[in-house]
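The structure appears right after this line, and notes come after that.
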Amino acid sequence: MIRKPGKHKVTNEAITANRRRLLNNDSPFAIKEAYVKLRTSLMFCMAKDKALPCTTFAITSAKPSEGKSLTAANIAISYAMLGKKVLLIDADMRKPTQRRLWKAELSTGLCDFLANIWQLEMMKVENLPLWLVCTGTIPPNPSELLSSDRMKQFIAECSKRYDYVIIDTPPINTVADAQIISTYVDGIVLVSKSGDTTADELNAAIAAVHRAGGNLCGVVLNDLNMKSVKYSYKYKYGDKYGYKYSYAEPYEAQQHGN
């Protein structure tokens, strides 16, 4: 049976909060700088089977509610802010987020396209060279759709048309979807939540990427409390710039939710 996405009060509240955390010109300097550093690191990542930089990324996490969907959206925005042509794909067919995060008015999406039901619809983000593909109708067989030749061909074609393709995937410890996608993208970014993701959960997620033969580009530590970081690098700008902030490795982005 094919079903439409349901509405959940808690999820919708989280979506509203996360929407305010989408990168824009008014975002806090430290947050923008964190994503600039993450973006720069990803630009130097090399594809596993070819001596070329990674241009297609799957963003996943060990478990739900670690911030991977918001991280995927902000990575896409960060690339687009460079003037790069970017496609953001919501391939989380279990718990899609991007449609509500962006308030996208799309009647169909990736699932409908892969099932050969409807043509693919995209949303162009205003003032950025960024396009969004939502999940569309939620299917009973996400893994089969994601492992299909049609999906692989779609990603291969997108990689030719766009400078970067960012794919939001389900948590890798929960279902096999992210492992499936890792076999035909250049790199994987694993999102973890400070104070929430355990070492065992993170190690299991890393092992899952390796078992699938995926190219793990790095781990994003999310929701880091800077006051708890003992050794941080502090940069102080004068009145000319008006910024005072501290930054610590690995990258931090103060955000919550899926």
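The values are calculated or read from the model by the stated rules, or taken from the named source; none is laboratory data. Quantities reported herein were computed from a predicted structural model and do not represent experimental measurements. Quick reminder, even Gly has a Cβ in these numbers, built from the backbone with ideal geometry, and neighbours come from all protein chains shown.
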In the list Leu145, Leu120, which residue meets the criterion of being buried (at least 19 other Cβ atoms within 10 Å of the Cβ), in contact (Cβ under 8 Å) with a residue 12 or more places away in the chain and not small (Gly, Ala, Ser)?
Leu145
Output the residue which, of all residues in the range 110-144 that are outside any loop (DSSP other than H, G, I, E, B) and not hydrophobic (A, V, I, L, M, F, W, C), is farthest from Thr183 (Cα to Cα).
Lys124
Counting only residues in the range 185-212 that are more than 16 Å from the chain's Cα centre (by Cα) and under 26 Å from Ser159 (Cα atoms), the one surrounded by the fewest Cβ atoms within 10 Å (Cβ to Cβ) is identified as Arg211
Contact list, first residue from the range 69-91 and more than 21 Å from Asp223 (Cβ to Cβ), second anywhere and charged (D, E, K, R) and modelled with pLDDT under 95, beta-carbon distance below 7 Å, six or more apart or interchain, is Asp90/Arg99
Apart from one, (1) modelled with pLDDT of 95 or more; (2) within 27 Å of Ser194 (Cβ to Cβ) all hold for Arg100; the odd one out is (1)
Flagged pairs (Cβ under 7 angstrom, 6 or more apart or on separate chains; first in the range 155-182, more than 20 Å from Pro142 (Cβ to Cβ); second among the polar types (S, T, N, Q) and crowded, with 20+ Cβ neighbours inside 10 Å) are Ser159/Thr55; Ser159/Thr56; Asp163/Thr55; Tyr164/Thr55
Do we find a residue being modelled with pLDDT of 60 or more and assigned to a loop (DSSP other than H, G, I, E, B) anywhere in the range 4-21?
yes
